[in-house]
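These notes concern the structure reproduced below.
Nothing in this text is a laboratory measurement; each read-out follows from the coordinates by a stated rule. Since the model is a prediction, treat every value here as computed from it, not as a measurement. FYI the Cβ positions are ideal-geometry reconstructions off the backbone, even for glycines, and counts take in every protein chain you see.
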Amino acid sequence: MVRWFDPHQLVDTAVRVLLSGMFSSYADSREQQAREPAEVPDRSQPAELWLDYVADLGDGWNSTYTVARLLAAETLELEHGGETHRTQRGRLLVFGGDAVYPVPKAVEYENRMLGPYRSALPCSRAEAPELFAIPGSHDWYDGLVNFTSIFCRNRWIGGWRTAQRRSYFALKLPNGWWLWGIDIQFGANIDEVQLRYFAEVAAEQMQPGDRVVLCMSKEVESGRKETEVHSDRDVAFLEREIIAPTGAQLVLYLKSGKHYYSRYEQEAGPRHHIESGGGGAFLHPTHNLPERAKLPGPDGPTAYRRARTYPSAAFSKGLRKRIWLMPAYNIPLAAVFGTVQVLLAFMLGLHLEDRYVSLGVVDLLRAMWESPTAFLLSLLVLASLVGMVRFAHDLSGIGRILLGLSHSALQVASVAGIMMAASWLSSRFGSEGVSSLLTFLGLVWLLGGISGMMGMAGYLWATGFLGLHNTEAYAPLHHQDQKHFLRLHIGADGTLTLYPIGVERVGRRWALRPDAPPDAPWFAPDGPEPAPHLIEPPIRIGRSGPARAHERHAVALARGGAELPREPVDAPGA
């Protein structure tokens, strides 16, 4: 699994996030995709279709490969409530975003996504299933260069064949169903070229009574950012101004970005809103998800109630206790914290004469005042304050400032405490001269590393009670179990049945199978097979009835000459 708090990884990811954010503001690669054909793959034959959906994959091998093997299996028999459901491998496989972590380097795609999926399904004996993908924020960190090369060039990924030319698509499915995969970049907006593509699909091919499944990937960050508000407006515009005028209906949202399964159903309507990101990445918490939520809709926020989450709230809350194991999970970062403490001791001049002996608060303040680097130390304290306020991004206003001030004050107090504790302990060893100094500095390094990691764990533990820093608290735990994906079936009667499939424990040890059939997975578990199960009973969404007369009339007028708006409008209900 990705070591999110590894110092090298932190710097590499931070630089790529910064650069991608800067360049994406001036160069949007989606505008260049207009050169590619605006294809609308028609998969409306035969009368029924199986389709698989998985998102947030490409992290650790064990979790990603376990899910890939289940997706590659020709059939899965799943029991729930005494009833057995026999499901088939999807003729289509949809990646719902973030096909690789932490950054979209070619080697990361190769090792974390392409390798596991090629190993799970090297080839297909029957008709090869197709693969479609939309990018998530991590796929965007290189401007979609590698994403486009892998998914938009009709390449093979093991036994799956990619079949799209742009980073978004509209799939025509049987019995009046559509699946739209939209690209909202870093959760910011839908570009003009993409809007025109979907507007043309709706105007030319959609019929009254059609139903739409909308796939999107949202940036993972707690709190409501301004860009996310704009993207919600764009999605609402897409439904209100492009889908609704045709007489079609958007009934199912599939959203990635959070690494759990949650399903919210509309309190007064047929819609379902599912967050599904269980393809292989670390686990996000579910115990703080609200019972009811206001989610974006074409006419403003719409009331939904929580129907099911996976993993359970009790398991999620129990997993949170592992935050206290962060020092063991992140030893390189602990070493960095200790090294910083040692450098601070040198900046304070504690290595000169015997100033490190019997340190107290007054001695530290005098050392800071007399130090030639006092100005730089003051800047470091100020930078720590600003950094802690920035880190408290889940809050805003005075709450964010107060939390940042508290965190910064604790960090400064921790530094002082480590210096005094190391001084007291080194004096107990009875050494003198250079040996005493080295003992002091060694204790500063050791205690500073442990204290830094325990302080971070304590901060994340405490703020967790307020529902803050969910990503920062759970990402470094590298939890690889409780993964899932979705299997959808469109029946001959037009009913869409959704099977949420979970696996409690992924494989840990694998055995190479060189003599297996060509289409069999290359690796098998060296132990018990991971056991898939239904997270909840199948969700069935019936086909809508015929459109009313006035809806058909409105559709005819729209197609007869009324031009669709060119851009999303910001005014609610406009």
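Taking 7 Å steps out from each Cα toward its Cβ at residue 125 and residue 265 produces label points 3.9 nm apart.
Distance between the pseudo-spin-label points of residue 421 and residue 492 (7 Å out from Cα toward the beta carbon): 7.2 nm.
For the cross-link pairs 258/317; 258/321; 105/172; 294/321, which exceed 24 Å when the distance is taken from alpha carbon to alpha carbon? Beyond 24 Å: 105/172; 294/321.
Put simply, segment 322-474 fits an ellipsoid with semi-axes of 30, 19, 11 Å; these come from the alpha carbon gyration tensor as the roots of five times its eigenvalues, largest first. Multiplying the residue separation of residue 149 and residue 292 by 0.36 nm and removing their Cα-Cα distance gives an extension gain of 47.4 nm. Computed from the C-alpha gyration tensor, the three semi-axes of the ellipsoid equivalent to the chain are 50, 28, 21 Å, from longest to shortest. Distance between the modelled labels on residue 105 and residue 314, one decimal in nanometres: 4.3 nm (7 Å Cα→Cβ projection).
Extension gain, residue 383-residue 14: 0.36 nm per intervening residue step, less the Cα-Cα distance, totals 131.1 nm. Once the Cβ-Cβ distance of residue 200 and residue 374 is raised to the sixth power relative to R0 = 60 Å, the FRET efficiency obtained is 0.35. Cβ-Cβ distance of residue 161 and residue 520, R₀ of 22 Å, FRET efficiency by 1/(1 + (r/R0)^6): the value works out to about 0.70.
Taken about its Cα centre, the chain carries a charge dipole of about 760 debye when Lys and Arg each add +1 at the Cβ and Asp and Glu each add -1 at the Cβ. Note on residue 74/residue 396: beta-carbon distance plugged into 1/(1 + (r/R0)^6) with R0 of 60 Å gives a FRET efficiency of 0.75. Free of any trypsin sites (Lys or Arg not before Pro) that DSSP assigns to a loop and that have at most 11 other C-beta atoms within 10 Å, the longest stretch within the chain is 225-508.
Within the shell defined by Cβ-Cβ distances under 12 Å, the residues around residue 108 carry a net charge of -3, with Lys and Arg each +1 and Asp and Glu each -1.
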